[in-house]
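First the structure, in the form of structure tokens, and then the observations on it.
The values are calculated or read from the model by the stated rules, or taken from the named source; none is laboratory data. Given the structure is predicted, the values throughout are model-derived calculations rather than measurements. No Cβ is skipped: glycine too gets one built from the backbone with ideal geometry, and neighbour counts run over all protein chains shown.
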Amino acid sequence: MKPEPTSVRITDLHSHVLPAVDDGAQDLDEAMGALNRLIENGVERVVATPHFRASLLERPAREADKIHRFDAAYQSLVAAATAAGLEIAIERGCEFKLDAPSVDLSDPRLRLGGSDYVLVEFASFQLPPFAANQLLGVRDAGWHPLLAHPERYQGTGGALDRVEKWLDEGTRLQVNARSFLGWYGDEAQSVAAELLRRGWITCIASDYHARGRPDLDAALELLRRAIPTSGDAVQKTPHAPNDATEQAIRTLFHENPTRILANEPTVSVPPLALPKPASQKPGRRWFR
Ligand SMILES: [Fe+2]
């Protein structure tokens, strides 16, 4: 069933909508289609975050070529969106893969909207043993790491003590909207719900690769069934919309992403418990 349109103005910090630069939109037509679907989902501001590997910084010529391709793709997409009158702001960023010790992030095009926050990911979907050091390397270089889709790494669910330490050391967590819907399998779905239950998520984003639907609206509607589980915000009626949940949703989809782009500190949300997850959708895990 198609979800009702949301009233939350979404700022989406993670997307692969630049044409022909990575495994997202393959050409300008696909990129424009992706923008239209994000707008239908309630997105008013999106950051294009094409994949960029830290190891590329060790090869300056290739790095310069990659950034130049990002520049050209960004300019073509903004021009096409403007010409079509699309009501969506498109910002620059990248999804920075921590596959090398060097983390020179001085180029603002590598950071989220040119802020001090950087969307980072690990080199494989296995939680690396030196993850803490990699995140600290970003911090020590003067930037704020926003870890993309921690729920998708194999082993995160059994390593929540490590995740808590990353949080204490300044890392923030971005969870994919589709993880709540079971798109990436049972483990990612249950870890996403657990991170929500602990109040550890800073923002929710699409990680949209221009195929299928972004499902931000569906995830948002699902979260409306969540209930706060601690403090004064405890609700007596299970799985019914309430003001505290609605405020948390606005924080996750709008306020914290906006704060990040404005280079401001993020705020925490109350722990929220979701109803028992729906069964996963087999055959869709290959989507990034
Ligand atoms: Fe991504």
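Numbers for the structure displayed
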read-out: The stretch 98-137, subset acidic (D, E) and within 16 Å of the ligand (Cβ to nearest atom), residue surrounded by the fewest Cβ atoms within 10 Å (Cβ to Cβ); value: D99
read-out: Residue, nearest to H149 (Cα to Cα), within the stretch 49-67, restricted to residues that are under 24 Å from the mean Cα position of the chain (by Cα) and assigned to a helix (DSSP H, G or I); value: A54
read-out: Residue among A20, A25 that alone is at pLDDT 95 or above, over 28 Å from T171 (Cβ atoms), in a loop (DSSP other than H, G, I, E, B) and within 15 Å of the ligand (Cβ to nearest atom); value: A25
read-out: Matching option when the condition is in contact (Cβ under 8 Å) with a residue 60 or more places away in the chain and surrounded by fewer than 19 Cβ atoms within 10 Å (Cβ to Cβ), among E44, E30, E87, E95; value: E30
read-out: Subset of the stretch 67-94 [within 16 Å of the ligand (Cβ to nearest atom) and either modelled with pLDDT under 95 or small (G, A, S) (or both)]; value: A73, G93
read-out: Test: residue in the stretch 22-36 that is in contact with a helix residue (DSSP H, G or I) (Cβ under 9 Å, 6 or more places away or on another chain) and not aliphatic (A, V, I, L, M); value: yes
read-out: Meets criteria (part of a loop (DSSP other than H, G, I, E, B) and farther than 14 Å from L216 by Cα) for G33; value: no
